1. Just round it to a whole percent: the fraction of Cα-Cα distances in segment 33-134 exceeding 18 Å.
2. Can you compute the helix-only [θ] at 222 nm over the chain? Use -39500 (n - 2.57) per DSSP H run of at least 4 residues, normalise by all residues, nearest 500 deg cm²/dmol.
3. Please report, in whole Å, how far the alpha carbons of the chain spread along each principal axis, starting with the longest.
4. Take K301, K332 and order them by how many other Cβ atoms sit within 10 Å, fewest up front.
5. Starting from the Cα of K429, step 7 Å along the direction of its Cβ; do the same at N103; then give the gap between the two resulting points in nm.
6. Treat each spin label as a single point 7 Å out from the Cα along the C-beta direction, and report the S211 to T467 distance in nm.
7. Mind pulling the angle between the C-alpha long axis of helix 2-29 and the longest principal axis of the chain? Nearest 10 degrees, somewhere in 0 to 90.
8. Can you work out the FRET efficiency for the pair N58 and A446, with r the C-beta to C-beta distance and R0 = 30 Å, to the nearest 0.05?
Amino acid sequence: MQNMNTKKAMTVVVMTLVIFVACKHDAKNLKPTAEYSNFPVEVGRIFETKCAVSGCHNAISYTAAGNLLLDTWEHLFDGGSSGAVVVPYSPIFSSLLYFINTNEDSGLVQEPRMPVNGEPLSTDEYKIIKDWIAAGAPDANGNIPFANDPDTRQKIYAIQQDCDVLTVIDAEKNVVMRYVSMGKLASQESMSDLQISPDGNYLYVCYWFSSMLQKIDTRTDKVVAEIDLGDVFWGALYLSDDGSRLVVSNDDANTITIIDAQTLQKIKSYKFDMVRPRNIIASKSFDTLYTTSRTGNVVYKIYDDTMHKISIDGKPINTDISATTPDPWDLKMSPDFTKYFIACSQSNEVRILNVTTDEVLKVIPVGTTPQQMALSKNKPYLFITCHDDPASGLKAKGSVYVINYETLEVVKRIEAGFYEPYGVAVDDKTGSVYVISKNLTSDGPAPHHGSPCGGRNGYYQVIDINTLEPISGKRYEILTNPTAMQIRFN
């Protein structure tokens, strides 16, 4: 009887231990998501104990810590004062890692080291965060940031000339959501322009130091087709109004090439007596092309397979380098295709010409060194970046002029802490205007982050199209020497 009771007692103990161990195991692996604020357990434990603490990146203190709130997975992807700190799948460009790293062999190391006045993260802790970002920075349930609604997500694409990386910005949060490696060569290829198809499904990119033209699916942000154009120094792209044909200019070979946008097959090339053709526009029916000569006073007009030179200032045709020429740079067609606008980078003006007669309708003085232009279709606004315009404020240079393209009057000159503004894009869907500052020279604002690309990071700002004022005081950092942006679904 005693042996039987002993066996029963032992059985109860064993069963109790099994249940206890099983419950303990389940409790460890099935902790409520809220306990680690929707982070995966290992990652969340680090953020909770080392980052989102009093005096640092918690709800009470974060405004004094770069406006970076790290108390939840969702808040992390709002970014801080300088934009995104974690970019899914891109640990090399996720600046949070620079400040928690203590080993230069593992990547960039920057000050101030985080946690401030605390024990640094261990090698294992740093690796947990880095590996998590490389895997897409998922939440506790495996959801990847910005991965939902790929067919409809509003995005902004930007290129940098000093880094072969395509930048993808989420239009809702205005932060970088992806960095996509581009090109194929070991050497720098330098993207020079980009265009998005009217349906928003494809992006086209050409290169300065490569003969490639690539087509990217904007739902996956992956290259789906490419064509070898044979030469290098491709400067600008233009997509026909119906999205069927793509035009690309070559600055060195002095050619204009037309490509089938669906198949990426060459349709024809023009090699006329042109000098450094650059930016391109076309008539609505696509039977007439226009392109600028980077120097002089000439716009080339191509129709019926012939080329005509148009003097934009009424003086004899001149393509020489001179201190007295307008030097047409960017071109834009009005939404009704009745007039076209020319940004003249040396004479500091925008010239408006009649499409039918090519006569100058008006000359509008703007700021110093106008560069790129962008049009809104919801409001009659033409935006022009003026790269070297003197500006008030500490470490500021450049402005954005706004012209009413119906009345041909200046609406406003915007100063918003730009430094060497260059690219500009209008998002009519959200009512936002994006302005890129190159910020290359040492007189500009010191970047908050370093960059594996080398050089000084640039930044972009967001302007409200209704008020023509900055939406926030943020300068969203971007990689070195940013030059152009395009909006999806515009």
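1. More than 18 Å apart: 42 percent of the Cα pairs in segment 33-134.
2. Working: 5 runs with 55 residues, N = 490.
Rounded to the nearest 500, it is -3500 deg cm²/dmol.
3. 118, 49, 41
4. Numbers: K301 17, K332 21.
The order, fewest Cβ neighbours first, is K301, K332.
5. Each label point is offset 7 Å from its Cα along the Cβ direction, giving 4.3 nm.
6. Label at S211, label at T467, 5.2 nm between them.
7. 20 degrees
8. Values: r = 27 Å, r/R0 = 0.90.
About 0.65, to the nearest 0.05.
Since every read-out is calculated from the coordinates, none of them should be taken as a lab result. A quick note: this is a predicted structure, and the numbers were derived from the prediction, not measured. Counting neighbours? That spans all protein chains shown, and the Cβs are built from the backbone with ideal geometry, glycine included.
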